[in-house]
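Engineer: My questions all concern the structure below.
The values are calculated or read from the model by the stated rules, or taken from the named source; none is laboratory data. Quantities reported herein were computed from a predicted structural model and do not represent experimental measurements. Reconstructed Cβ throughout: ideal geometry from the backbone, glycine too, with neighbour counts over all protein chains shown. Quick note on the areas: whole protein, heavy atoms, side chains included, nothing else; ligands and nucleic acids left out. Shrake-Rupley method; radii C 1.70, N 1.55, O 1.52, S 1.80 Å.
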Amino acid sequence: MGRGRVQLRRIENKIKRQVTFSKRRSGLLKKAHEISVLCDADVALIVFSNKGKLYEYSTDSSMDKILERYESYTYAERAIFSSEADPQADWGLAYSKLKTRVESLQRSQRNLMGEELDTLNNKELQHLEQQLESSLKNIRSRKEKMLKEQKKNMEEIIAKAKAKALAQNAAWEQQNRAPYNSSPHHVMISDSIATPTSRNCQTRYNAEEATQGELRLGKGLLPSWMLSG
């Protein structure tokens, strides 16, 4: 005799209800993964417990992308099959869509800041870790590029300052040498300056010449007996 159909109803026992929820939840997540792998389908599963705890599963395309596809599909479907145009309904749908998108972005931002990680599964944590590693790599690359540019600019400034200083020193030296090189009396003045030794020798030579001249003059005018004495 076959097993009769089991009537589904709320389990009154709290402990038994919690155990059943845990088992059925694991089986549901497993079935969602199996159908995504076997049928190559994008699957998103969201489960909230009676205490408000979130359990979710999504394929590699991520939960946010699947929800965006769902919202876009439902919005287009409503626009096509809507018999009467209702501006208020369109505005309400657009507001709901934007609100969902903002909440999703805020949740992603909190996750990137290391907050509210309890609701993420292993795959989502790995994806978040890859995002952070990629962001950190880009930040370090940009930092190294900026440091190289700053170093290059500093070297150029130092090189220009050195060249300017050398040019100023060369101009100053040339300006200080110009009066001596351009004066026509420089050599004459230096040659005409007599030292004390040269003056004494010149005076002694003049005195000896004068004495010998007087003697020569005396030999021609005075008698010989006066010269012999």
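Engineer: Please enumerate the residues belonging to the stretch 51-75 that are at pLDDT 85 or above and exposed (fewer than 15 other Cβ atoms within 10 Å of the Cβ).
Structural biologist: If the condition is that a residue be at pLDDT 85 or above and exposed (fewer than 15 other Cβ atoms within 10 Å of the Cβ), then 53, 54 are the ones that fit.
Engineer: Tell me the residue from 168, 174, 150 that is assigned to a helix (DSSP H, G or I) and either in contact with a strand residue (DSSP E or B) (Cβ under 8 Å, 6 or more places away or on another chain) or modelled with pLDDT under 90 (or both), please. Please lay out each step first, then the result.
Structural biologist: Numbers: 168 fails: either in contact with a strand residue (DSSP E or B) (Cβ under 8 Å, 6 or more places away or on another chain) or modelled with pLDDT under 90 (or both); 150 fails: either in contact with a strand residue (DSSP E or B) (Cβ under 8 Å, 6 or more places away or on another chain) or modelled with pLDDT under 90 (or both).
Answer to the selection: 174.
Engineer: Do you know which residues across the stretch 126-155 are among the charged types (D, E, K, R), within 29 Å of residue 112 (Cα to Cα) and either more than 14 Å from the chain's Cα centre (by Cα) or open to solvent by less than 100 Å² (accessible area, probe 1.4 Å) (or both)?
Structural biologist: Answer for the stretch 126-155, where residues must be among the charged types (D, E, K, R), within 29 Å of residue 112 (Cα to Cα) and either more than 14 Å from the chain's Cα centre (by Cα) or open to solvent by less than 100 Å² (accessible area, probe 1.4 Å) (or both): 129, 133.
Engineer: Could you say whether any residue in the stretch 29-45 is free of Cβ contacts under 8 Å to residues at least 24 places away in the same chain, in contact with a strand residue (DSSP E or B) (Cβ under 8 Å, 6 or more places away or on another chain), surrounded by 14 or more Cβ atoms within 10 Å (Cβ to Cβ) and closer than 22 Å to residue 116 by Cβ?
Structural biologist: Yes, that holds for at least one residue.
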